[in-house]
Amino acid sequence: MREIRADDDVLTWAGAVSVEHAPGWSRAWRLPHDRIGLFPGGALRSRAAMPAGVRLVLGTDARTLAGLAAVQGVEVPLDVVMDGAGPDGDVVASVPVGPDGGFAVELPPGDKRVEVWLPQFGTFRLQGLAVDDGARVWPAGGPARPRLVTYGSSLTQCRQAASPTRTWPARVARGLGLDLTCLGFAGEAHLDPMVARVLRDLPADVVVACLGINVYGAGTFSARSLLPALLGFLSTLRDGHPGVPVLVVSPVASPRREDAVGRAGLTLAQVRDQVADAVGLLAAHGDPDLHLLDGRAVLGPEHAHLLDDGLHPGPEGYAHMASVIGPVVRELLDGRDAGGAVVRTRP
């Protein structure tokens, strides 16, 4: 086999905000690694080092692609996607990662663009790839695609999805032919100002921001401070994306939490109302490209069977989320909602 170093320029780390190269391995970060000290909190940094939505992209004529990584807590296979009939290729295989971090997949003959979707949860430090002796490899280009950026909690990182291409952000991106960057941070979507600045500076043609559930769970903000924090976070995001549609998704239904007072004195229903208020206020003050999707229209009480623990969806739940969010994103990209905030409540 011909070895490819993890830091070889032939590899594109699509969906990564930055890439850390160390002796013997490389890993994707979903925050800027060279400024990681500006993002306090071990849990946030831990989540940012998990490669949700990140793809290793290369061109090759190899019949076998193998790799080795240092892994910890990886619970799902890799997905290998290759040029095919769809806008983002076809899934060739879901490839298990062995206890030693090894993986391998057989590929069809001929030149092809290959994407290796990395696990959405757990530590994954790539030590290298390998292809057949004599096989060619090259940096895979391709036409530029509209860029989808997502932000949110565990419901956006999607730990419980069956594989990396089966998270709702990946399903939406692949279904619409979009280039995904996923800033889903399980337990860590607390409207951090420095994360808002990252969102502001990322290239984007559409943004989906799922706001509120971690704020409720951790009691991050009170009735006094939540609305100003939402307004500031969304305004910072908007500073970098004038004219770009931004879809804000409020918390999905969680029956046990709707009327239960959280740590900061707010119920989940009140948090959802404040998210809606923030979108309405900013729209009323001149932001026609900010839109609201009520989380209960994504997963309502009638979808309780799709929640594994009363809050987190299982694999079918994430497919359902994509089936609701995807058409709204398509609508926004098509421009059919231009001219005012779209408030979508439960049917």
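The values are calculated or read from the model by the stated rules, or taken from the named source; none is laboratory data. Remember, predicted model here, so these are calculated numbers, not experimental data. Cβ placement follows ideal geometry from the backbone for every residue including glycine, while neighbour counts extend to all protein chains displayed. The accessibility values were calculated without ligands, DNA or RNA, using every heavy atom of the protein model including side chains. Shrake-Rupley method; radii C 1.70, N 1.55, O 1.52, S 1.80 Å.
Enter the per residue convex hull volume of the range 145-203, computed from alpha-carbon coordinates, in Å³ rounded to the nearest integer.
Values: hull volume 3.7 nm³, N = 59.
Spread over its residues, the Cα hull of the range 145-203 gives 63 Å³ apiece.
Which angle between 0 and 90 degrees, to the nearest 10, do you get for helix 226-239 versus the longest principal axis of the chain when only C-alpha atoms count?
It works out to around 50 degrees.
Just need log10 I(q)/I(0) for the range 219-323 at q = 0.12, 0.20 Å⁻¹, Debye formula, equal scatterers on the alpha-carbon atoms, no solvent, rounded to two decimals.
Relative scattering, expressed as log10 I(q)/I(0), comes to -0.46, -1.07.
Against the longest principal axis of the chain, how steep is helix 268-284, in degrees 0 to 90 to the nearest 10, with axes from Cα atoms?
90 degrees
Hey, quick one: spin label on D334, modelled 7 Å out along Cα-Cβ, who in the range 160-186 has an amide N within reach, i.e. under 20 Å?
It comes to 171-179, nothing else.
Using a 1.4 angstrom probe on the protein heavy atoms only, could you order D9, D309 from most to least accessible area? Kindly include the intermediate steps, with their values, before the conclusion.
Working: D9 135, D309 70 Å².
Output order, biggest surface exposure first: D9, D309.
Taking only Cα atoms and a 10 Å spring cutoff, compute GNM fluctuations for the chain and point out the largest among R47, R136, R200.
R136
Can you send over the carbon and sulfur percentage of the accessible area for the chain, probe radius 1.4 Å, protein chains only?
The C+S portion of the solvent-accessible surface of the chain is 51 percent.
Rounding to the nearest 10 and keeping the result within 0 to 90°, find how far the Cα-based axis of helix 315-334 lies from the longest principal axis of the chain.
Orientation of helix 315-334: about 80 degrees from the principal axis.
Cα atoms only, the range 51-178: Rg and Dmax in Å?
Rg then Dmax for the range 51-178, in Å: 14.3, 44.
S235 to A304: FRET efficiency via 1/(1 + (r/R0)^6), r the Cβ-Cβ distance, R0 45 Å, to the nearest 0.05?
Working: r = 35 Å, r/R0 = 0.78.
Rounded to the nearest 0.05, the efficiency is 0.80.
Return the sequence-ordered ³J(HN,Hα) values of the range 62-73 in whole Hz as given by the Karplus equation 6.51 cos²θ - 1.76 cosθ + 1.60 applied to θ = phi - 60°, using x for Gly and Pro.
Running phi through 6.51 cos²θ - 1.76 cosθ + 1.60 with θ = phi - 60° gives 5, 9, 10, 10, 10, x, 9, 9, 8, 10, 8, x Hz.
Got a sec? What order do I4, I213 fall in by accessible area at 1.4 Å, biggest, i.e. largest, first?
On the way: I4 5, I213 30 Å².
Descending order: I213, I4.
Ignoring ligands, DNA and RNA, what accessible area per residue does the chain give at 1.4 Å, in Å²?
40 Å²
Hey, with R₀ at 45 Å, roughly what FRET efficiency would M194 and D111 work out to, going by the Cβ-Cβ distance, to 0.05?
On the way: r = 42 Å, r/R0 = 0.93.
Once rounded, the FRET efficiency stands at 0.60.
Given the Cα-Cα distance of R136 and D273 and 0.36 nm per residue of separation, how much length would full extension add, in nm? Each step should come with its number before you reach the end.
On the way: separation 137, 0.36 × 137 = 49.32 nm, distance 5.53 nm.
Result for the pair: 43.8 nm of gain on full extension.
Given charges of +1 on the Cβ of Lys and Arg and -1 on the Cβ of Asp and Glu, with all other atoms neutral, how large is the dipole of the range 139-195 about its Cα centre, in debye to the nearest 20? Could you put the intermediate results ahead of the total?
On the way: 6 positive and 3 negative charges, 61 e Å.
Once rounded to the nearest 20, the dipole reads 300 debye.
With unit charges on the beta carbon (Lys/Arg positive, Asp/Glu negative), name the residue among L126, V71, I325 whose Cα is farthest towards the positive pole of the charge dipole of the chain.
So the residue we want is I325.
Viscosity 1.002 mPa s, temperature 20 °C: what is the translational diffusion coefficient of the chain from Stokes-Einstein with a Kirkwood Rh over Cα pairs, rounded to a whole number of µm²/s?
Details: Rh = 20.5 Å.
D, rounded to a whole number, is 104 µm²/s.
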